[in-house]
Amino acid sequence: MAPGAEQRRLPRLLPLQGVDAMTSPSSPPPGTPPPAAPPPKGGAPKALLIALVAVLVVGAFVGAFILGRRSGMSGGGGGAPLVSERQGPPSAGAEVEGLPDAQVATMEVPGSAAPPAIWVDVHHPGKVREAMAGNAWLKEQLGKPLGQGFVGGWAAFLGSTGEDLKAQFKGAVLDLVANQLLDAPFRMVWFAGDARASTPAVIIPKPGTASTSAFEALDGVANRGGMTASSCPGGTAGTYEMKRWLVAEQTLWAARMEDRLVLARHPVAVLHGLCAELPELEAPGTVDVELGYDSEAYGREVQLLSHVLGLAPGTRLQFGVEGNKLVGRGIAGPLLEGAARLDSAPLSDDLLKLVPEETPVLLAVQLKLPESLGEGSLNDYWKGGGGKGATRTRQVALVWTPRGDSALPVEMAVLWNRTEDEGALKGLFSGGYNRLVTGTFCNHVVMASSDAELERLRKACEGKTPNMLNAAGPVVAGLRAPTSVAFGVNTGRLLSGLTMDGFLSESRVGRNAPIPKSVPPEIEAARRDLESLPYLGLRGTVQGDSLVPGGFGS
């Protein structure tokens, strides 16, 4: 939009809540990575959010740092533009006069290291960049409130040109970052623990000539001092330098070592990136993006879930690029030795009939459990590694509607395919913080977070509202394929709902303020655009001691 035009900004997406509220009275709602320094409150997102955010993290980072026109630069590779026309003024107008003098301060090093909690590996940046360049939906959104609200204050930083900064490179900073700095495979990682470290850090493990040249070019014109650390957090002594880059009043911290480059919004995150074990960015040729997590970095709920499913460290969600789209490749990873806890079977039509078609998040597993679900039999089963005694496979699903405001009620339900287990389930789930309401529909026991959620599932079962059997053909076929773990994200419904939650939350003066009677047209337009996004499905099927990945979607 042209400068000076009147336009309401889209709301930021507030922290998602309700991930573990059904069972844990003490766990706080998960927080999103804070947007900028100074150190914000909150930490890395909860791990049950990992799979949900898989497609979002990739789109968010690449959208902000990779989308842009591909123009000729000093040392650049040329090629077709990422965006055919620059939106807005020819440049952001960033000037170098009047910037503060460079100063170097000493960092107070954290007393302990923060382990990587969740990360996204981009194995083929060029392929992802070209796919996004050809994606008409993404290019269209850059000129709308949706895209402009997403980029926010970074528009000036990324839109500043080498001519503005009196630099040795030509073209926009965005082009330099997209085509050179992020030319090599890289990892975007969130660290657990200290909130300052929870801002994402980008680690480029093996920077090539293009990456190092771009780093030096930006450092030469944007460096405004920085910080030094005398050791790693809780670790080996040494000298670590974090550079402060300032362009158009936006700060980015950067560091360079012989074996890596690191970028982040906060210097502590950069230090953790410098000291973290260097990742090996390797993947099958058809996998372009992966998302992984460390369950040990989170609470007992996530550790327990991984243990129950028999997932060993190294589980990851895989994505690939086909044409100009990001598609699901599946769930891959090793299984715990001797833990035969997952079976393989298609999702039943009864289950698909019970799940509303508009459900944003669906997780389904084929779980081997003892014939009896008494407390004693379950304890013996887990102590024995899940492989002793007679077992029966239960098809269990979680349906979840993430909310963008912690004040909103939890919306999730557990669907259990063996109605004979209803009595035992009530005993197992009776100790949770939130009251669960139960019912029996479509030959499943349903344990929901509210009466409204239970009613929503009942209507889907009875065909009064669309269910998953009414979804797109490829989605239904993918869910009917034999699988051990199936995960589906209706990205359009998810993002549209979070956008609305964010708007309503930010438009309220107080908790007792009335809900706005009307929604601004740009919010409605953004929701419609988001709802056109596809369904992404991933599955992992047990084969030997690992999960074999597979993907599906609309």
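Evaluating Ala339 against the criteria (1) out of contact with any Gly (no Cβ under 8 Å at 6 or more places or on another chain); (2) in a loop (DSSP other than H, G, I, E, B); (3) buried (at least 18 other Cβ atoms within 10 Å of the Cβ) leaves one unmet condition, (1).
Exactly one residue out of Lys353, Lys368 is in the same structural domain as Asn470 (by TED's automatic domain parsing), surrounded by 15 or more Cβ atoms within 10 Å (Cβ to Cβ) and in a strand (DSSP E or B): that is Lys368.
Residue-level check: of (1) among the small types (Gly, Ala, Ser); (2) under 23 Å from Val104 (Cα atoms); (3) at pLDDT below 90, Ala172 misses just (2).
The one condition from (1) surrounded by fewer than 19 Cβ atoms within 10 Å (Cβ to Cβ); (2) at pLDDT 85 or above; (3) aromatic (Phe, Trp, Tyr) that Trp382 does not meet is (2).
Among residues that are of a type in the set (A, V, I, L, M), closer than 16 Å to Val399 by Cα and touching a His at 6+ places or on another chain (Cβ under 9 Å), Leu479 is not included. Checking each residue of region 296-304 against the condition of being crowded, with 22+ Cβ neighbours inside 10 Å, touching a residue at least 60 places away in the same chain (Cβ under 8 Å) and of a type outside the set (A, V, I, L, M, F, W, C) gives at least one match. Checking region 209-218 against the condition returns a match, with at least one residue being buried (at least 24 other Cβ atoms within 10 Å of the Cβ) and not in a loop (DSSP other than H, G, I, E, B).
Results for (1) at pLDDT below 90; (2) over 24 Å from Pro356 (Cα atoms); (3) surrounded by fewer than 21 Cβ atoms within 10 Å (Cβ to Cβ); (4) assigned by TED's automatic domain parsing to the domain that holds Ala486, shown as yes or no for each residue.
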| position | (1), (2), (3), (4) |
| --- | --- |
| Leu498 | yes, no, no, yes |
| Asn512 | yes, yes, yes, no |
| Ile515 | yes, yes, yes, no |
| Ser518 | yes, yes, yes, no |
| Pro521 | yes, yes, yes, no |
| Ser532 | yes, no, yes, yes |
| Tyr535 | no, no, no, yes |
| Arg539 | no, no, no, yes |
| Leu547 | no, yes, no, yes |
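The criterion of at least 1 residues that are under 30 Å from the mean Cα position of the chain (by Cα) and buried (at least 16 other Cβ atoms within 10 Å of the Cβ) is met by the following helices (runs of 4 or more DSSP H) wholly inside region 419-486: 451-461, 473-480. Residue count for region 179-194 satisfying the condition of being crowded, with 24+ Cβ neighbours inside 10 Å and either out of contact with any Phe, Trp or Tyr (no Cβ under 8 Å at 6 or more places or on another chain) or at pLDDT below 85 (or both): 4. Within region 152-164, the set of residues being surrounded by fewer than 22 Cβ atoms within 10 Å (Cβ to Cβ) and either in a helix (DSSP H, G or I) or in contact with a helix residue (DSSP H, G or I) (Cβ under 6 Å, 6 or more places away or on another chain) (or both) comprises Trp154, Ala155, Ala156, Gly162, Glu163, Asp164. The residues in region 108-129 that are in contact (Cβ under 8 Å) with a residue 60 or more places away in the chain, surrounded by fewer than 18 Cβ atoms within 10 Å (Cβ to Cβ) and among the charged types (D, E, K, R) can be counted, and the count is 1. Exactly one residue among Pro116, Pro145 is closer than 23 Å to Leu271 by Cα and out of contact with any Pro (no Cβ under 7 Å at 6 or more places or on another chain), and that residue is Pro116.
Restricting attention to region 260-279 and to residues that are touching a residue at least 12 places away in the same chain (Cβ under 8 Å) and assigned to a loop (DSSP other than H, G, I, E, B), the residue that is surrounded by the fewest Cβ atoms within 10 Å (Cβ to Cβ) turns out to be Leu278. Is it the case that Met257 is without any contact (Cβ under 8 Å) to a residue 24 or more places away in the chain, among the hydrophobic types (A, V, I, L, M, F, W, C), touching a helix residue (DSSP H, G or I) at 6+ places or on another chain (Cβ under 8 Å) and closer than 23 Å to Lys206 by Cα? In short, yes. Among the residues examined, Gly323 qualifies as in contact (Cβ under 8 Å) with a residue 24 or more places away in the chain, at positive phi and surrounded by fewer than 23 Cβ atoms within 10 Å (Cβ to Cβ). Looking at this structure, is Gly238 in contact with a Gly (Cβ under 9 Å, 6 or more places away or on another chain) and either surrounded by fewer than 20 Cβ atoms within 10 Å (Cβ to Cβ) or assigned to a helix (DSSP H, G or I) (or both)? No: the conditions fail for Gly238.
The values are calculated or read from the model by the stated rules, or taken from the named source; none is laboratory data. Computed from a prediction, not measured in an experiment: that's the story for all the values here. As a convention, Cβ positions derive from the backbone with ideal geometry for all residues, glycine included, and neighbour counts pool all protein chains shown.
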